[in-house]
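Structure, as structure tokens:
The values are calculated or read from the model by the stated rules, or taken from the named source; none is laboratory data. Owing to the predicted nature of the structure, the values given are computational and were not obtained by experimental measurement. Cβ sites come from the backbone with ideal geometry, for glycine too, and all protein chains shown count toward neighbours. Note: areas computed on protein heavy atoms with side chains; ligands, DNA, RNA excluded. Shrake-Rupley method; radii C 1.70, N 1.55, O 1.52, S 1.80 Å.
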Amino acid sequence: MDTMNATPSDAVQGGPPTIPTPPTDPRSFDSFASFYPFYLGEHRNPTCRRLHFVGSSLTLLCLAALVATRNPWWLLAGLLCGYGFAWIGHFGFEKNKPASFKRPLYSFMGDWMMYRDMWVQAFKRLKGT
């Protein structure tokens, strides 16, 4: 079908084909403020977000254990928890590739910003606001 000469009747029958937009390259962002909306868009699936939350919570517990015991294995455990749960969320539920592969610092910051946002939302629900 010639998309330049599409008519209103084309819209009724599905219209002209849409041209897919190419995926955004996480390296194209010049600030975290511009990256964060993209980051949230890469976490639309609720299960993926929940897995991020669980992984981040376990990471904090591992860091507390690291400080309490001074056993460096807790650092490895924290990394495995954080990235393991997140990557299961991305590959298994979100069906996308984690942005941490191309923008590790912004992705790390985004993880903790999203974690904070989830806590804020939970407290708002508890307060009924």
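Among residues other than C48 with Cβ under 14 Å from its Cβ, the summed charge is +2 (Lys and Arg +1, Asp and Glu -1).
Can you give the FRET efficiency to the nearest 0.05 for K127 and N45, using r as the Cβ-Cβ distance and R₀ = 30 Å?
Working: r = 27 Å, r/R0 = 0.89.
Computed FRET efficiency for K127 and N45 comes out at 0.65.
Accessible area per residue for region 27-129 is 65 Å², calculated with a 1.4 Å probe on protein heavy atoms, without ligands, DNA or RNA. The trypsin sites (Lys or Arg not before Pro) of region 27-129 that DSSP puts in a loop, and whose beta carbon has at most 13 other beta carbons within 10 Å, are R44, R70, K95, K102.
Classify region 50-129 from the C-alpha gyration tensor, please: rounded if a/c falls under 1.5, else prolate or oblate depending on whether a/b exceeds b/c. Please list the in-between numbers first.
Numbers: a/c = 2.01, a/b = 1.13, b/c = 1.78.
Since a/c reaches 1.5 but b/c is at least a/b, the shape of region 50-129 is classed as oblate.
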